[in-house]
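Asker: Pasting in a structure now, in structure tokens, and then I'll have a few things to ask.
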Amino acid sequence: MKARLILITALLVASSLWSARRALVIGNSAYPGDAALANPVNDATAMAKALQDLGFDVQLSTDLNLRDMTKSISAFATTVQPSDEALFYYSGHGAQASGINYLIPIDKEIGSEEDLEWDAYPAERVLSSLARADISIIILDACRDNPFKAVRSSNRGLVAMNARAGSQYIIFSTEQGKTAADGVGEQNSSFTSSFIHHITTSNKKIEDLMKDVSVEVRQKTNQYQTPWLSGSLLKDFYFRPGQPAIDDTAPRKPKVQTAWTYGGVSVESDLDGTLYIDGEEIAPIVQGQQISISDVKAGSRKFSLQSGQQSIQKDIRIQKDQVISVFFSPADLNSMATEPGGPTNPDPTSDLNIVQTTIKSRVQRLTSILRKEAFKDFSGTITFRLFIGKTGTVDQVNLELSDGRFSDQASKILRDEIKTWTFNIANPADYAFTLRFSQ
């Protein structure tokens, strides 16, 4: 069966103007040879979990080479909106040369200070990437005992960075001129374990919270390591805004969290018109065009196509993390013409035409599914038997293979696809059609 060409148009949904809390967390442990570190990946994983529990939208990346580190930071920066609170956390090797701090990826051999310019990521670039955020917090646990001895400044810690006044706050795991403890024999570094403890249990604003973190880090490191802070905020920032401090001795109450769930829709049309969802204009659509829409709120949604002076209405059930197919055809206009009272003398022949037209429009979707990588070797004849209920939904699908080989997994995927179809018919129907697939 020869597939028809479908134009797929991506619909860009305008981003919300509401503020969000976003975080990028990076941990590099798998350095070559003696440079390997025990805890940064553990640190990053624990930090990501803590921030996620605090309501951050978290991206976690570990053991990055220079190319992937650059891509990860750039991609994160593009998601940050001016009203957002953004946080960047890095755990791993870091060094400074000529007054510039560098975050060291796992794939580079640093043989000299000059190598840092080409083979490491400049930390200042993180500041500029996040400058558009309403508040940005940069946390660098990156002054470990650096094995790249050719870098003369590697054991002098990091240097001061120019944060954007009023909106950026930088937290270094230790002060200038000292290295930070990696937490030998422990799951996390001394700084990160203390930091996570306080952000998850304290409702203090960040400046006061960091005083408590610094006291705890000094106690853990026998007064050797003291976190170092730079920058200023005009607004108060809380990791746990409006929440009382946790009393670890008191019985804990169950936590309740609510969130919207979303699905996707693939819309095709054999009519020109404008697509609406719940009365909101989404996009124009032309005959033969397919539109893919993401982030549609789950539940019962009302889809409509305004074609000239006529409007086609469809009630579609959106399911979480699933893509539902919706098709508009001239047959829909014929069925809508009988509303609001509906047909007084249902015509079975008309129902049959609607079923045939609808199935014909969806055969390409079945063909596309079978031609995916998982089923590329399949060829044979399949008879599909559909039982269409009173509401036009497919209540049951039976598949019968006449020849060829076909997996149970492929059968389930096709059944699930067909069960998303709807038919604007007046009476329940039992309909069968046969398709021959060949490579």
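Asker: Note the count of lysine pairs whose C-alpha atoms are less than 17 angstrom apart in the stretch 21-233, limited to pairs 8 or more residues apart or on different chains.
Answerer: Step by step, the pairs that qualify in the stretch 21-233 add up to 5.
Asker: Normalising by the residue count of the stretch 254-325, find the relative contact order in percent from Cα pairs under 8 Å and 6+ residues apart.
Answerer: Relative contact order, the stretch 254-325: 38 percent.
Asker: Dividing the convex hull volume of the alpha carbon atoms of the stretch 260-328 by its residue count, what do you get in Å³ per residue?
Answerer: 69
Asker: What net charge do the residues around Asn398 carry, taking every other residue with its C-beta under 15 Å from that of Asn398, with Lys and Arg at +1 and Asp and Glu at -1?
Answerer: With Lys, Arg at +1 and Asp, Glu at -1, the neighbours total -2.
Asker: Here is a further query. Do any chymotrypsin sites (Phe, Trp or Tyr not before Pro) in the stretch 249-301 lie in a loop, going by DSSP, with at most 13 other beta-carbon atoms within 10 Å of their beta carbon, and if so which?
Answerer: Sparse-neighbourhood loop chymotrypsin sites (Phe, Trp or Tyr not before Pro): Trp260.
Asker: If only Cα atoms are counted, what is the Rg of the stretch 21-233, and what is its Dmax, in Å?
Answerer: 15.6, 45
Asker: Excluding Ala86 itself, what net charge comes from residues whose Cβ is under 13 Å from its Cβ, given Lys and Arg +1 and Asp and Glu -1?
Answerer: Net local charge, Ala86 excluded: 0.
Only the coordinates and a few stated rules stand behind these numbers; no lab work does. Please read all numbers here as calculations on a predicted model, not as lab measurements. We place every Cβ from the backbone using ideal geometry, glycine too, and count neighbours over all the protein chains shown.
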